[in-house]
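Structure first, then comments.
The values are calculated or read from the model by the stated rules, or taken from the named source; none is laboratory data. It should be emphasised that the depicted structure is a prediction, and the values quoted were computed from it without experimental measurement. With ideal geometry, Cβ positions are generated from the backbone for all residues, glycine too; neighbour counts draw on all protein chains shown. When the accessible area is computed, the model is the full protein with side chains, heavy atoms only, and any ligands, DNA or RNA have been set aside. Shrake-Rupley method; radii C 1.70, N 1.55, O 1.52, S 1.80 Å.
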Amino acid sequence: MPLQNHQLKKTLGLVPAVGLAINLVVGSGLLILPGLAYQKAGGAAVYAWAISALVSIPLLVVFARLGADIPGAGGVAGFMQSTFSRRIGAATEILLLGAVPGGAGIAITGGKYFGIFFGGSPAAEICGTLLILVVGGAVNYAGAKTSGKIQQGLSFILVALLILVAAVALTFGDTSAGEGLAPLAQAGEALPTVALVFFAYVGWELMSFMSEEFNNPKRDFPLMVIFSYLIVVVLYLLVAIAIQLVLPRDHPQIADAPIAAMLATVMGKWSGLVVAAIGLLIVMVNFIGVVWAFSRLIYASAREGLLPRAWARLHSSAKIPRNAIMTPVVAFGAVALSYSADLLSQAILFELAGVSFFMAYLLSVAAYIRRSRYFAAKGFGLLTLAAVGYVFFRFGLIALYPITLFALGFLIHAQKER
């Protein structure tokens, strides 16, 4: 039987929620994806960021509505369960767990920034990845209140820092060194890169896993989405444009640490090391939030009976799921080991997570349509579904990954029912 009486402690107000959302959405995605996208699409890469931002608008309207109306630790899976059935909710849980490679990609990114201090040493990168994993687990193990305070304070530093970095590069850098911005007519060339870049726009759906912990989700969840989205889009476009103007496409650090490389071309080697230190800190904070979100998904799934009940246990006084907190940390570490063994590339880790979250967005839109009472709202939902579906199937064969996971979750729940 589901453990419906287990409820998480309410600790989140609007300001800390906005800070947490910024740290979840920004973080490692911005530190590495502008370089990877630029490497793949050249001057057209900036349009991948713009397309992802535009696609996100109707999706965030959907999330704001669902997060306010259906608060719960299950997030998107909770939306699907409340709207359709427990079986569909269980299938969505397995789909979302398939985004684990993205968490590993974040930890690996932190390891690369850590390795910069030691000349790019592989051993240092491994140590840095382990450091991210340990700190992310430890902070969340200490409690949601501690994690929230850390991220709220650093979110404001993060925003100011990234604006400053882009401004310095554009003002003092050689803006003719890179490929620049491709003509708008070439925007279609960026579409194959959207799956990669879209990972940088995930995070709001992770906030939905925390909606059970909002003091006033009806009011604060939509406001959190609006404020954090505006900040994030400005940051992304500024940094992507600066990288494409200042760095050549074949720069040796373009795929590993593009922001550090960009600032180093303006202010020299030491500035690159400073950015590497800040980048490591940003990844650390981002990873703390990701562990928080995934632990709530695992907790909610265990509470509903799909995953082992041990993961649904709450600490008696802190009211946090400590067993569920350690589980994603171990999973992220296992995937990171596969990367270290050259079994998976970092780009594919982000692509697998990005396409999984994109399918979760599709499902959320379907839930929004089902729950809408008015014709205008349903029409908005159908148009959104068509646009998102078009982009999703343009991803190619990689779209089979989340579809397979969803089908697997459906079968697992059916077997448990028997």
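Note on the chain: with neighbouring protein chains present and a 1.4 Å probe, carbon and sulfur make up 69 percent of its accessible heavy-atom surface.
The modelled label-to-label distance between Ala334 and Arg394, using points 7 Å beyond Cα along the C-beta direction, is 3.5 nm. Largest first, the extents of the alpha carbon coordinates of the range 316-374 on the three principal axes equal 52, 40, 9 Å.
For Phe84 and Ala387, what does the FRET efficiency come to when R0 = 25 Å and r is the distance between their Cβ atoms, rounded to the nearest 0.05? Before the final figure, lay out the partial values.
Values: r = 22 Å, r/R0 = 0.87.
Once the sixth-power term is evaluated, E becomes 0.70.
Less than 5 angstrom separates the built amide H of Gly72 from those of Ser211, Glu212, all sequence-distant by 5 or more or on a different chain.
Count neighbours as other Cβ atoms within 10 Å of each site's Cβ, and list the trypsin sites (Lys or Arg not before Pro) in the range 364-402 that are DSSP loop with at most 11 such neighbours.
Arg373
Phi angles across the range 74-80 convert, under the Karplus curve 6.51 cos²θ - 1.76 cosθ + 1.60 with θ = phi - 60°, into 3J(HN,Hα) values of x, x, 4, 4, x, 4, 5 Hz, Gly and Pro given as x.
Heavy-atom accessible area of Ile116 with all protein chains present, probe 1.4 Å, nearest 10 Å²? Roll a 1.4 Å probe over it and Ile116 shows about 40 Å². Average projection, convex hull of the Cα set of the range 77-208: 12.7 square nanometres. An oblate overall shape is assigned to the range 271-418, the ratio a/c of its alpha-carbon gyration tensor axes (a ≥ b ≥ c) being 1.5 or greater and a/b not exceeding b/c.
How would you classify the range 153-213 from its alpha-carbon gyration tensor, with a ≥ b ≥ c the square roots of the eigenvalues: rounded for a/c under 1.5, else prolate if a/b is greater than b/c, otherwise oblate? The partial results should precede the final answer.
Values: a/c = 4.50, a/b = 1.31, b/c = 3.42.
Oblate, because a/c is 1.5 or more while a/b does not exceed b/c.
For Lys10, a cut-off of 14 angstrom between C-alpha atoms picks up these aspartates and glutamates, skipping any fewer than 8 places away in its own chain: Glu212, Glu213, Asp220.
Per-residue Karplus couplings for the range 149-154, computed as 6.51 cos²θ - 1.76 cosθ + 1.60 with θ equal to phi - 60°, are listed in order as 5, 4, 6, 4, x, 6 Hz, Gly and Pro entered as x. The phi torsions of the range 277-282, fed into the Karplus equation with coefficients 6.51, -1.76 and 1.60 and a -60° offset, translate into couplings of 5, 5, x, 4, 5, 4 Hz, rounded to whole numbers, with Gly and Pro shown as x. Per-residue ellipticity at 222 nm from helix content only, as computed over the chain with -39500 (n - 2.57) for each DSSP H run of at least four residues, stands at -24500 deg cm²/dmol.
Note on the range 252-339: Cα Rg divided by 2.2 N^0.38 Å, N the number of residues, gives 1.54. What the Cβ-Cβ distance of Leu131 and Ala167 gives, at R0 = 35 Å and to the nearest 0.05, is a FRET efficiency of 0.70.
For chymotrypsin sites (Phe, Trp or Tyr not before Pro), the sites in the range 76-158 that DSSP calls loop and that have at most 14 other Cβ atoms within 10 Å are Phe117, Phe118.
Summed over the residues of the chain and divided among them, the accessible surface reaches 38 Å² per residue at a probe radius of 1.4 Å. Label the range 160-253 by shape, choosing from rounded, prolate and oblate, from the square roots a ≥ b ≥ c of the eigenvalues of the Cα gyration tensor; if a/c is under 1.5 it is rounded, and otherwise prolate applies when a/b is larger than b/c, oblate when it is not. Since a/c reaches 1.5 and a/b is larger than b/c, the shape of the range 160-253 is classed as prolate. Sorted largest first, the spans of the alpha carbon positions of the range 185-336 along the three principal axes are 53, 32, 29 Å.
Specify, per residue and in Å³, the volume enclosed by the convex hull of the alpha carbon atoms belonging to the chain.
Dividing the Cα hull volume of the chain by its residue count gives 128 Å³.
Output the pairs from Lys378/Lys416; Lys149/Lys218; Lys218/Lys378; Lys218/Lys416; Lys9/Lys378 with a Cα-Cα distance over 25 Å in this structure; if there are none, say none. Those over the limit are Lys378/Lys416; Lys218/Lys416; Lys9/Lys378.
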